[in-house]
Amino acid sequence: MTSATLTIDIRAVVQNWHALDSLSDGETGAVVKADGYGLGAGIVGRALAAAGARSFFVATAGEGQSLRHTLGQGPDIYVFSGHMEGDLEAIRDGHLIPLLNSVDQMLRHVEALPGHPFGIQLDTGMNRLGMEPSEWFAVRDIAFAQRPALIMSHLACADEPDHPMNAHQLEAFRSMTDGLDEVPRSLAATGGTLLGQAYHFDMTRPGVGLYGGLPFVDARPVVTLDLPIIQVREVTAGEPVGYGNSWIAPRDSHIATVSGGYADGLIRAMGAGATLFAGDTPCPVVGRVSMDLITADVTDLGQMPDSLQLMGRHQSVDTIADAAGTIGYEILTSLGARYDRVYDT
């Protein structure tokens with residue numbers, strides 16, 4: 001079976017980083033966790049480092065260690081999960097900066113690696129990671145004396161500019177950090193960067209916007225996905241297509257079966273809400289998305305192409321996400337290993 005082609009425009013990633021960087025006066029980092037949102041942390045990281053990014057963010061120490069091997073010494077690599085049991089060697093040898101989320105993590109870090117850089121993550125209302133206000137104020141002076149490399153928090157509703165949670169978290173972050181002027185602060189990821197200067201502090205750390213995702217509506221598209229046609233068949237009006245007979249042909253039709261399915265991250269929930277494109281002509285998905293195959297109605301095409309496009313000029317990753325009832329993040333990070341990946345650099 002011929003593989004689908006996933007084209008990743010690294011130049012667009014860099015242009016998106018520059019565009020987001022231009023919105024603030026402080027430093028602009030880059031979030032490359034989950035293997036660069038599924039697109040390749042190594043190649044994305046190298047390109048962004050060459051463009052001027054000096055601070056990178058990953059989810060785990062293992063991700064950070066891999067990125068360090070790629071980037072070499074120089075850029076800072078922050079670890080959102082902090083200093084977990086078993087992370088000592090990765091943090092030490094990879095020269096990683098854990099973002100400590102609790103007093104327990106702080107004790108673990110300073111006892112195991114005295115003098116090694118660290119940052120602090122604060123909970124300003126999301127209730128996911130970070131020190132609670134009472135916990136933070138109990139150790140703030142001690143932590144400040146150790147000169148943390150960064151103090152950060154994360155916004156829960158930044159993709160909704162008018163949501164009252166944004167102002168609430170901004171006020172909480174200020175109340176927890178104002179006066180600590182010698183330590184850089186960071187509150188904004190992609191959505192927070194777009195909320196304006198009040199949210200920028202010393203560093204923004206865009207993630208999904210680098211890869212062409214919302215809420216950065218001005219992002220350059222990064223991903224193109226072309227699915228080769230394996231077979232085209234004639235289906236008579238009244239005949240079913242796919243598992244469960246979920247689609248019945250309303251007319252005599254031509255149905256193309258393309259290579260790609262939920263094993264490739266094209267999740268089953270996308271179903272008949274999705275559309276493939278032959279050039280500018282839409283070809284609606286019919287029947288269920290299966291593990292390796294998707295079927296589309298190509299009856300109205302004058303000439304049959306070799307492939308149909310799912311993501312690209314006509315549809316963004318967020319369009320596909322809407323069809324599946326999910327978000328662009330999930331689509332990006334689910335893109336599978338079977339694609340023929342082509343990097344446009």
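Please identify the trypsin sites (Lys or Arg not before Pro) of the range 245-345 that satisfy two criteria: DSSP loop assignment and at most 15 other Cβ atoms within 10 Å. Which are they? Show your work: numbers first, answer last.
On the way: sites: 251, 268, 288, 313, 338, 341; in loops: 251, 288, 313, 338.
Listed in order of number, the matching sites are 251, 313.
Rounded if a/c is under 1.5, else prolate if a/b is larger than b/c, else oblate: which is the range 55-173, with a ≥ b ≥ c the root eigenvalues of its Cα gyration tensor? The partial results should precede the final answer.
On the way: a/c = 2.30, a/b = 1.41, b/c = 1.63.
In terms of gyration-tensor shape, oblate.
Ranking 69, 168 from most to least accessible surface, computed with a 1.4 Å probe over the protein chains only, gives 69, 168.
Can you pull the percent of the range 131-257's accessible area that's carbon plus sulfur, 1.4 Å probe, other chains left in place?
Numbers: 2980 of 6100 Å².
Looking at the range 131-257 in its full context, I get 49 percent from C and S.
Legend: residues 14, 286, sorted from most to least accessible area (1.4 Å probe; ligands, DNA and RNA excluded), read 14, 286. Figure note: 111, 132, 63 ranked by solvent-accessible area, largest first, 1.4 Å probe, ligands and nucleic acids not counted: 111, 132, 63. For residue 104, the solvent-accessible surface with a 1.4 Å probe is about 110 Å², rounded to the nearest 10. In the chain, the longest principal axis of the Cα atoms and the axis of helix 41-51 are about 60 degrees apart.
Taking the 0 to 90 degree range and rounding to the nearest ten, how far is the long axis of helix 103-112 tilted relative to the main principal axis of the chain, both from C-alpha atoms? The angle comes out at about 70 degrees.
Enter the accessible area per residue of the range 242-339 (Å², integer; probe 1.4 Å; all protein chains in place).
Numbers: 4440 Å² over 98 residues.
Accessible area per residue, the range 242-339: 45 Å².
Rolling a 1.4 Å probe over the protein heavy atoms leaves residue 248 with an accessible area of roughly 80 Å². In degrees between 0 and 90, to the nearest 10, how far off the longest principal axis of the chain does helix 10-21 point, with axes built from Cα atoms? It works out to around 40 degrees. From its DSSP helices (H runs of at least four residues, each -39,500 (n - 2.57)), the chain gives a residue-normalised ellipticity at 222 nm of -8500 deg cm²/dmol.
Where only protein heavy atoms count, and the probe is 1.4 Å, what is the accessible area per residue for the range 67-219 in Å²?
On the way: 6740 Å² over 153 residues.
On a per-residue basis, the range 67-219 sits at 44 Å².
Using C-alpha pairs below 8 Å separated by at least 6 residues, the relative contact order for the chain is 19 percent.
Each residue was assigned an accessible area with a 1.4 Å probe, and for residue 118 the value is about 10 Å².
Note the full-extension length gain between residue 182 and residue 248 as 0.36 nm times their separation in residues minus their Cα-Cα distance, in nm to one decimal. Don't skip to the end; give the middle numbers.
Values: separation 66, 0.36 × 66 = 23.76 nm, distance 6.64 nm.
That pair, residue 182 and residue 248, stretches by 17.1 nm at full extension.
Reported to the nearest whole Å, the Cα centre-to-centre distance from the range 178-236 to the range 316-345 is 13.
The values are calculated or read from the model by the stated rules, or taken from the named source; none is laboratory data. The structure displayed is predicted, hence computed values, not measured ones. Positions of Cβ are backbone-derived with ideal geometry, glycine not excepted, and every protein chain shown enters the neighbour counts. When the accessible area is computed, the model is the full protein with side chains, heavy atoms only, and any ligands, DNA or RNA have been set aside. Shrake-Rupley method; radii C 1.70, N 1.55, O 1.52, S 1.80 Å.
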